[in-house]
There are 2 protein chains.
Amino acid sequence: MTTQVFGHKSPDTDSTGSPIIWAWYLTHIRGEAATPVLLGEPNTEAAFMLSHWNLDKPEIIGDVAEGAPVFIVDTNNPAELPASINKADIRGIIDHHKLVGGLETKGPIEIRMEPLACTATIMHKIIGDDLSQAPRGIKGAMLTCILSDTLEFRSPTTTDEDKAIALSLATELGIDIATFAAEMFAAKSDVSSFSDAELLRMDSKEYTVDGKEFRVSVLETTAPKIVLDRKDSLMASMVDVAAEDGADQVLLFVVDILNEEATLLVPNDLVKTVAEKSFGVIVTGDTVVLPGVMSRKKQIIPFLKV
Amino acid sequence: MTTQVFGHKSPDTDSTGSPIIWAWYLTHIRGEAATPVLLGEPNTEAAFMLSHWNLDKPEIIGDVAEGAPVFIVDTNNPAELPASINKADIRGIIDHHKLVGGLETKGPIEIRMEPLACTATIMHKIIGDDLSQAPRGIKGAMLTCILSDTLEFRSPTTTDEDKAIALSLATELGIDIATFAAEMFAAKSDVSSFSDAELLRMDSKEYTVDGKEFRVSVLETTAPKIVLDRKDSLMASMVDVAAEDGADQVLLFVVDILNEEATLLVPNDLVKTVAEKSFGVIVTGDTVVLPGVMSRKKQIIPFLKV
């Protein structure tokens, strides 16, 4: 039975590319039939990766069947996975996020988590010399995932290992990183076709802080003005999105990749309090700039206070 | 701040030796101060290991302090860990058991789980060439852990990797495996100083099966008669142990290491039903022999039915 390999819902570049990389490795190196699948439509940067490296777009699935073999990458959070995940036969997990708890397996499995910027970096370490057998598209997906998750090495999540592996892949592939990353970020910044609600949910994770449920959304872009020009309708849409998703509040951080700062939308006093308590800023209008903030994992979530 | 490295409560050989191995590695190879600790008195085989390899007995601790750095080995089950484990700063987990869920971390950490027989085998793989710098006692602890968890390669949990690593360690250390394992198992089989309740809790894990809570206890021994001669008082003690520990029933499997079989004590109709439904045997008395059964993980837990 073919193992389905997938990342999290609302797949970004790492959750689209890492399943492709790992399914290749399982099938061609370990000799275990595997296929990548997606838990939703890939974002615009992930779509660019597929197109640039001539990779087939994986099938999008809804739920998983009881007993079906699956391999989870880029998350260990049941809330970001199919509803029946704990009924599937989870064969392994590769991830670089905090341990959330909630996944259970019937027997011992392979789990590899490391505090690196990108799932693909961990895979590069596991695959080792066997990567020489990989087609160009697999190596290209690895490079794209690392540049995406590190925001071209700007994010504080970037480790020496992420950077060294990306540089060696770029050299081997004959890719100029600055040029290629600019294309990637331009693709990610093209949000014109998305509704406000889609933007708020695109790269979004739920966290409970002091009893309040927050949907913490991040939009990484090289063109923040395009998003911020829509701030009034985005703030109006937050009310509906929060209600529909059972959250108390959406927090939208618009990350300016090139200027290395985030702008937080401040629609009400709750978010004003969160901003001031969490980031030590004074809020005067309906947005506040947070200099240097680029990583939800490292610079936002650990500091959230109500 | 020194990182405390520990395994599970009621420490067996792997949960005593692996913290010693990993604290050595963290301190001497990674340059991070670490110390092994225990969550209870080591069993008789683990005590033999400490004595044979001239290893200091680690300090026994009760709970962990909020924010204290800890590294967990040989379990990922909060029920087998200090009460305040999720308030500690969990730095990493190395384990070879099924994923239970329940541990949470504030940020991404190092987690390495593999379906191998022994935690020390995973550590051997991670440590790699740096093991050449380890003192004899660290290598001896590794060998002892692997021989213990594999029951000298008899357990079906044994993998080629466990065996190959144990053989290479034995060669390097000049140890005759058959002789050494016989000493280990003799130490493990010396249960004369333990009360019935202590025996029932010594190597015991709780599992819920169809709504019933079982404390599944295993006693691995080369002298099953010594234990089975105490079966009446052991069965009487089961009632108290189950009540005190909030379980519905204790299941005691006496594993005969040399004859490669387990004897299950059958004190009542519930256990009779469990035995017949789970293992396809007919129970006529107050014990039943399960030929070939040596591993709780592989041959008991996955089959338990009520």
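The values are calculated or read from the model by the stated rules, or taken from the named source; none is laboratory data. Please read these numbers as outputs of a predicted model, since none were measured by experiment. No Cβ is skipped: glycine too gets one built from the backbone with ideal geometry, and neighbour counts run over all protein chains shown. For accessibility, only protein heavy atoms count, side chains too; no ligands or nucleic acids. Shrake-Rupley method; radii C 1.70, N 1.55, O 1.52, S 1.80 Å.
Counting only alpha carbon atoms, the long axis of helix A:231-245 and the longest principal axis of chain A meet at about 60°. The separation of region B:35-67 from region A:4-77, counted between C-alpha centres, amounts to 43 Å.
A dipole drawn for chain B from +1 and -1 charges on Cβ atoms has a positive end, and of B:Val271, B:Ser233, B:Thr105 the residue lying farthest that way is B:Thr105. Annotation: per residue accessible area for the protein assembly as shown equals 39 Å², rounded to a whole number [probe 1.4 Å, protein chains only].
Peptide A:111-123 is shielded by partner chain Cβ atoms: per residue, an average of 3 of them sit within 10 Å of its Cβ.
Legend: residues A:Lys98, A:Lys277, sorted from most to least accessible area (1.4 Å probe; ligands, DNA and RNA excluded), read A:Lys277, A:Lys98. Taken about its Cα centre, region B:196-303 carries a charge dipole of about 320 debye when Lys and Arg each add +1 at the Cβ and Asp and Glu each add -1 at the Cβ. Seen through its C-alpha gyration tensor, with square-root eigenvalues sorted a ≥ b ≥ c, region B:80-237 comes out oblate because a/c lies at 1.5 or above while a/b is not bigger than b/c. Pairs exceeding a 20 Å alpha-carbon distance, out of A:Lys212/A:Lys277; A:Lys125/B:Lys298; A:Lys98/A:Lys297: A:Lys125/B:Lys298.
Under the criterion of Cα pairs below 8 Å and six or more residues apart, the relative contact order for region B:196-303 equals 23 percent. Of all beta bridges that DSSP places with both ends in region A:184-306, some 65 percent have antiparallel geometry. Projecting label points 7 angstrom from Cα along Cα→Cβ for B:Ala186 and B:Asp229 puts them 1.8 nm apart. Secondary-structure-derived ellipticity at 222 nm for chain B, considering helices only, amounts to -11500 deg cm²/dmol, per-run term -39500 (n - 2.57) for DSSP H runs with n ≥ 4.
Per residue, the Cα convex hull of region A:1-129 amounts to 107 Å³. Computed with a 1.4 Å probe on the full set of protein chains, the accessible area for B:Lys57 sits at about 110 Å².
Treating r as the C-beta distance of A:Val289 and B:Glu104 and R0 as 45 Å, the FRET efficiency rounds to 0.90. Sequence-ordered 3J(HN,Hα) estimates for region A:45-55 from the Karplus curve with 6.51, -1.76 and 1.60 and θ = phi - 60° stand at 5, 5, 5, 4, 4, 4, 5, 4, 9, 6, 9 Hz, glycine and proline given as x. Shown here for region A:10-85: GluC sites (Glu not before Pro) in loop regions (DSSP other than H, G, I, E, B) with at most 12 other Cβ atoms within 10 Å, namely A:Glu66. When both region A:109-175 and region B:210-282 are represented by their alpha-carbon centers, they are found 50 Å apart. Taking all protein chains as shown and a probe of 1.4 angstrom, B:Asp245 keeps an accessible surface of around 40 Å². Of the three principal axes defined by the Cα atoms of chain A, the extents in descending order read 59, 44, 33 Å. When B:Lys87 is represented by a point 7 angstrom out along its Cα-to-C-beta vector, the spacings to that point in the other copies are 3.8 nm, nearest first. For chain A, the relative contact order is 13 percent, taking Cα pairs closer than 8 Å that sit 6 or more residues apart in sequence and dividing their mean separation by the residue count. Counted residue by residue at 0.36 nm each, then reduced by the alpha carbon distance between them, the extension gain from B:Leu258 to B:Thr27 reaches 79.3 nm. Interface between chains A and B: roughly 1700 Å² of accessible area buried, both sides summed (probe 1.4 Å, protein heavy atoms only).
Would you work out which of B:Gly140, B:Ser195, B:His96 lies farthest towards the positive end of the dipole of region B:67-223, given +1 charges on the beta-carbon of Lys and Arg and -1 on that of Asp and Glu, about the Cα centre? After comparing all options, I get B:His96. Taking Cα atoms only, the orientation of helix B:177-189 departs from the longest principal axis of chain B by about 60 degrees. Considering the convex hull of the alpha carbon atoms of region A:196-303, report its projected area averaged over all viewing directions, in nm², one decimal. With the hull built on Cα positions only, its mean projection is 6.0 nm². Counting only Cβ charges, +1 for Lys and Arg and -1 for Asp and Glu, the dipole size of the protein assembly as shown around its Cα centre is about 160 debye. Within the protein assembly as shown, antiparallel bridges make up roughly 40 percent of the DSSP beta bridges whose residues both belong there.
Taking only protein heavy atoms and a 1.4 Å probe, the accessible area of the protein assembly as shown is 49% carbon and sulfur. Modelled spin labels at B:Ala83 and B:Ser193, positioned 7 Å past Cα toward Cβ, are 2.8 nm from each other. Taking all protein chains together, B:Thr150, B:Thr158 sort by accessible area into B:Thr158, B:Thr150, largest first [probe 1.4 Å]. By DSSP, the beta bridges lying fully in region A:3-186 are antiparallel in about 0 percent of cases. Rounded to the nearest 10 degrees, the angle from helix A:13-28 to the longest Cα principal axis of chain A is 10 degrees.
For the protein assembly as shown, what does the alpha-carbon gyration tensor say about shape, rounded, prolate or oblate, given a ≥ b ≥ c as the root eigenvalues, a/c under 1.5 as rounded, and a/b over b/c as prolate? Taking the square roots of the gyration eigenvalues as a ≥ b ≥ c, the protein assembly as shown is prolate. Within 10 Å of the Cβ of each residue in A:89-101, the mean number of Cβ atoms contributed by other protein chains is 4.
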